[in-house]
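Inspection log for the structure reproduced underneath, given as structure tokens.
Only the coordinates and a few stated rules stand behind these numbers; no lab work does. This structure is a prediction, so every number in the text was calculated from the model and none was measured. Every residue, glycine as well, gets a Cβ built from its backbone with ideal geometry; the counts of neighbours run over all protein chains shown.
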Amino acid sequence: MIAALGSSAAFAQKKEANPKAWEEAQARKVVPEIRTFVTPQICDMQMLSKSRETFGPYYFEIKSIEQTFNFELWNYQNRALYRAVQESDADAIIEPLFNSYVYEKDSKTLVVELSGYPVRYTNFRPATKGEVDMIGVVYPDVRTSVSIDTGAEAKPEAAKTK
């Protein structure tokens, strides 16, 4: 008997006399924002040398200097930098200076020498509020709790008074 009552209710629904050809409905959908916040990390750089070191020469085969594009030269210099970092057991070379050349008698070999200060990153730790604020002073375009007006943008009031 319960089944009969349930099925009779479904049959009791009437079809619309004029079915919809188009319909639009609106509702507000609010999706909660999900973000991940990571504690900034900071580290120290340990200088591995008290003076600038020279690395290389490193040799790279090329077709000719006339057929070597700038992006290829930068790639060879980066490869030489990688080798220098490996040789010095460093994490980076600070302020690398490159000397790249091709000898007249061997025009198919690019020679790259470089010099710089090898460093190793040490003492990784969560940044303190003071260290994060220091980043805002050193890099004023970065958003931190401290920012310094560099005067890079002219203020509208100042422009009107001139």
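Things worth noting here:
- Candidate aspartates and glutamates - alpha carbon under 13 Å from Lys108, same-chain residues fewer than 8 apart omitted: Glu61, Glu66
- The chymotrypsin sites (Phe, Trp or Tyr not before Pro) of segment 41-115 that meet both conditions, a loop assignment by DSSP and at most 11 other Cβ atoms within 10 Å of the site Cβ, are Phe69.
- Cα shape, segment 32-118, gyration tensor, a/c 1.5 rule: oblate
- Around the amide H of Ile42, modelled in the peptide plane, lie the amide H atoms of Arg125, Ala127, all under 5 Å away and 5 or more residues distant in sequence or on another chain.
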